[in-house]
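The values are calculated or read from the model by the stated rules, or taken from the named source; none is laboratory data. Given the structure is predicted, the values throughout are model-derived calculations rather than measurements. Virtual Cβ from ideal backbone geometry, glycine too; neighbours counted across all protein chains shown. Heads up: the accessible areas ignore ligands, DNA and RNA and are worked out on the full protein's heavy atoms, side chains in. Shrake-Rupley method; radii C 1.70, N 1.55, O 1.52, S 1.80 Å.
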Amino acid sequence: MYSKKLGIIDLSKKKIKITRTSEALQKQFLGGRGLNSYYLYKMIKTDIDPFSPENIIIFGTGLLTGTLVPNSSRFNVSAKSPETGILGDSNCGGYFAAELRYAGFDRLIIHGKAPKPSYLYVSDGNIEIKEAKDYWGMDTTNVQQSLRHDLGHVEAAVCGVAGEKLVRFACVRTGVKNAAGRCGLGAVMGSKNLKAIAAKGTQGIEIVHPEEMLETVQELKDYIMNSKIISILGSVGTPLLYEVSNTLGAIRTKNSQLNAWSESLNAEVIETYVEKMISCSSCIVHCRHRNKLGGEGPEYTAVGLLGANLGLDNTANVIELNNICNELGLDISSSGTILSWAFELYEKSIIDQTLTEEPLQFGDFDLVKRLLHKISRREGFGNILAESTSNIKRFGKTAEDYLIAVKGLPQSDPHDCRYIKAFALGIATSSRGADHLRSRPTLEIFLHLPEEVKERIYGKGIPNDPTSYVGKEKTVYFSDNIFAAIDSLGICKFICHGFNSPHFVDYTWMKKLIHCATGWTFNEKNIQEVGKRIIDIERMFNNREGITRKNDTLPKRYFDDPMPLNIAKGHHIDRKEFDTLLSRYYKLRSWTPDGLVKKERINELESLQ
Amino acid sequence: MKRLYVYPEKCTGCRECSLACSLTKFGECNPKKAAISVVRDEFNRYELPIICYQCDDPVCHKFCHQNAYFIKDGVVLHNEDKCVGCRLCAVLCPYNAITTLNSEIIKCDLCDGDPQCVKYCSTQAIQYLEETDELEKRRKKMAEHFLAINKK
């Protein structure tokens, strides 16, 4: 049988139910993010506290995870987010997801709260709830190495000290730096007294058409490996994006007071700290840097948000901060955004030393380091910062004007979205808040891409001008849908059509890969429909929590402050233009003018079994 | 003859080699059920593909009491029909190159001269090359190094 089991674990009652997801439901949502979102919608009651035992945390592998399919390493962790109070979901690579499938499970749904520190051990079709007393308090590397010492070569998804201490932007980590980083899912683990999930298994994934898979993958691999962008990603990784955005004048700098920063964080400088490029399971891109400072990374997000955004330009310092966040189990995107927000508020005297305990300033490496440690242990001012964006209540209404977040989620993309309008629409409408990995139509950044290439992907009537609002709803709509599909297949976005390149895994490739693995016959449109279904069910979850049109907006600064430097100088988001762009996006999605999923669609999706 | 050579410095740990092997031989994706394995540990920072060297005087062949091993054109092959699954070969192999899962013995046969692991490796960390003195020297050095680590 191709599919693996579904484990439902009640930590309060120590009950484990082992079942399966029906094939009919898998065909509607594929797996990964899609099925996770379906289960969240079905199982979470409205208005629950994300830290209560009623919250559910799901670890779900993609439909193709763990197979020969290139870059099929991924899984999604999903829960109601303690950082935003809406849908929380984060996609992650590494080796854990593949191992979970070899251990016999596609997905674990966890609810309740363990009476004392615990972890789950998943091996060859079984799940055990075990005591984690000895692991509690350990950083993310230490706990994983200890689990390997005690259980053999397991792959584990863990929370760090930050998760235990319920820091609202604590991540789930696996390996040295792979993280389900966003939305504070590590803190949900902590709230359930769940330190780790360790998996080990020898059960293979039975492929329905093995020869067809061997042939298809060979073709796909040749196609991908011949691309220029992949060879660059394989040698320098994501930091290459820093220079692209910086030249444009779109690197968030000092809490977006500026929009360009130092060349000392360019990929060629980062590269001098790389010991070896390594891969996630099944990955042919190998964009992970094993750095010479004892960790892995930094990714572009860390370079931007722990570097430029905090006013730091020393490359080694930025890499060290990246490594610290990973060890403590803090989401880098939120950490860099929340700290820079606090720094600017202090500069503007909106908050003062009675709250912060010490002077805050940009460009102070030791200060950042100290604060990261304090946040992770909720000490002093760190205890306040650990509350993330909900500090608006504490810092006052004016503070909100300087916060670079949407729907309570600090923006992940170091890219300042005032210039490229499609990026702005993307972060405004993404189902988890200000995040670029839901729908960023990266191709907009390549200013010289021929118009016909873009038209072929997104449809007609889209001017080849990133600052134009015309037709940009189509680029976001396309990206939203296809990224939801690729997340559900368990394949990395790096080889997804339209993410980094106008080529790669499009719906036709997906169709072929699904067929060789499962034998299911899908056509391109069917898969696109899966993507649309996922976007809608995630919106239904958020609508139920009170999200409407008013929440699909942008940081005030993006509207009101024109960008000061480089090519992007003078650009900002026009409120009126943005508003009509949003209306056009809703229309494409068939949502109401207020951004609600329509009744008929709700009925249709609720009736799926 | 042509042999498999590994370049650990190029190995990224992805295991496409093992997956291609298990898919070819068993129709499933299972890195633990393959004639090639990647020993990897991101915390201790290494990735090492473990392959069968097709030894000239292999212990698997020499000590098999069922005569389940034979050598054809320099390739050490395993005869499933004769094998009783005692796993002595796997225990004796100094290079850990024989995989056992349950009672199954999985032994590299070089895929009739077209090794799938080589085909699916995206970094040329495993290569199938005509034997030369230089390559052999490098291989022997690596083998000795591996044996030294294995003894610890």
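Inside the stretch B:35-58, residues that are assigned to a loop (DSSP other than H, G, I, E, B), open to solvent by less than 20 Å² (accessible area, probe 1.4 Å) and facing chain A (nearest Cβ under 10 Å) make up a count of 1.
Restricting attention to the stretch A:1-53, the residues that are under 27 Å from residue A:123 (Cβ atoms), open to solvent by 50 Å² or more (accessible area, probe 1.4 Å) and at pLDDT 95 or above total 13. Selection of the stretch A:449-467 for residues being open to solvent by 20 Å² or more (accessible area, probe 1.4 Å) and in a loop (DSSP other than H, G, I, E, B) yields A:449, A:450, A:459, A:460, A:461, A:463, A:464, A:465, A:467.
A residue that is within 12 Å of residue B:5 (Cβ to Cβ), at pLDDT 95 or above, in a helix (DSSP H, G or I) and open to solvent by 20 Å² or more (accessible area, probe 1.4 Å) can be found somewhere in the stretch B:105-126. Candidates are the residues of the stretch B:71-107 that are among the charged types (D, E, K, R) and free of Cβ contacts under 8 Å to residues at least 60 places away in the same chain; the one that is nearest to residue A:203 (Cα to Cα) is B:87.
With the requirement that a residue be among the basic types (Lys, Arg) and under 11 Å from the mean Cα position of the chain (by Cα), what does the stretch A:423-446 give you?
Of everything in the stretch A:423-446, those that are among the basic types (Lys, Arg) and under 11 Å from the mean Cα position of the chain (by Cα) turn out to be A:432, A:438.
Whether any residue in the stretch A:220-241 is of a type outside the set (Val, Ile, Thr), open to solvent by 10 Å² or more (accessible area, probe 1.4 Å) and under 22 Å from the mean Cα position of the chain (by Cα) is what I want to check. So far as the stretch A:220-241 goes, yes, one or more of its residues are of a type outside the set (Val, Ile, Thr), open to solvent by 10 Å² or more (accessible area, probe 1.4 Å) and under 22 Å from the mean Cα position of the chain (by Cα).
Close Cβ contacts (under 8 Å, 6 or more residues apart or on different chains) running from residues in the stretch A:105-124 that are more than 13 Å from residue A:53 (Cα to Cα) to residues that are acidic (Asp, Glu) and open to solvent by less than 10 Å² (accessible area, probe 1.4 Å) are absent.
Taking the criterion of being in contact with a helix residue (DSSP H, G or I) (Cβ under 6 Å, 6 or more places away or on another chain) and either assigned to a loop (DSSP other than H, G, I, E, B) or within 14 Å of chain B (Cβ to nearest Cβ) (or both), would at least one residue in the stretch A:104-127 satisfy it? The answer is no; no qualifying residue exists. When residues in the stretch B:59-86 are screened for being under 21 Å from residue B:145 (Cβ atoms) and either hydroxyl-bearing (Ser, Thr, Tyr) or within 14 Å of chain A (Cβ to nearest Cβ) (or both), 0 of them pass.
Here residue A:446 passes the criteria (1) more than 20 Å from residue A:494 (Cβ to Cβ); (2) open to solvent by 10 Å² or more (accessible area, probe 1.4 Å); (3) free of Cβ contacts under 8 Å to residues at least 60 places away in the same chain except the one numbered (1).
For the stretch B:9-34, filtering for residues that are more than 7 Å from every other protein chain (Cβ to nearest Cβ), part of a helix (DSSP H, G or I) and buried (at least 20 other Cβ atoms within 10 Å of the Cβ) leaves 3. When the stretch A:344-379 is filtered for residues that are among the charged types (D, E, K, R), surrounded by fewer than 16 Cβ atoms within 10 Å (Cβ to Cβ) and part of a loop (DSSP other than H, G, I, E, B), the ones remaining, listed by number, are A:348, A:352, A:357, A:358, A:379. Here residue A:152 clears all of (1) within 14 Å of another protein chain (Cβ to nearest Cβ); (2) out of contact with any helix residue (DSSP H, G or I) (no Cβ under 9 Å at 6 or more places or on another chain); (3) open to solvent by less than 10 Å² (accessible area, probe 1.4 Å) except the condition numbered (3).
For the stretch B:137-152, residues that are farther than 16 Å from residue B:95 by Cα and surrounded by 11 or more Cβ atoms within 10 Å (Cβ to Cβ) total 0. Of all residues in the stretch A:120-136, those satisfying the criterion of being out of contact with any Phe, Trp or Tyr (no Cβ under 6 Å at 6 or more places or on another chain) and open to solvent by 60 Å² or more (accessible area, probe 1.4 Å) are A:124, A:126, A:131, A:133, A:134, A:136. Within the stretch B:110-128, residues that are without any contact (Cβ under 8 Å) to a residue 24 or more places away in the chain have Cβ atoms under 6 Å from residues that are small (Gly, Ala, Ser) and surrounded by fewer than 18 Cβ atoms within 10 Å (Cβ to Cβ) in no pair, counting only partners at least 6 apart in sequence or on another chain.
So that you can scan it fast, the table gives a plain yes or no per residue for (1) among the acidic types (Asp, Glu); (2) within 14 Å of another protein chain (Cβ to nearest Cβ); (3) out of contact with any Gly (no Cβ under 9 Å at 6 or more places or on another chain); (4) touching a residue at least 60 places away in the same chain (Cβ under 8 Å):
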site: A:261; (1), (2), (3), (4): no, no, no, no
site: A:270; (1), (2), (3), (4): no, no, no, no
site: A:275; (1), (2), (3), (4): yes, yes, yes, no
site: A:286; (1), (2), (3), (4): no, yes, no, no
site: A:289; (1), (2), (3), (4): no, yes, no, no
site: A:310; (1), (2), (3), (4): no, no, no, no
site: A:313; (1), (2), (3), (4): yes, no, no, no
site: A:341; (1), (2), (3), (4): no, no, yes, yes
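Checked against the criteria, residue A:51 counts as over 16 Å from the mean Cα position of the chain (by Cα), more than 14 Å from chain B (Cβ to nearest Cβ) and in contact (Cβ under 8 Å) with a residue 24 or more places away in the chain.
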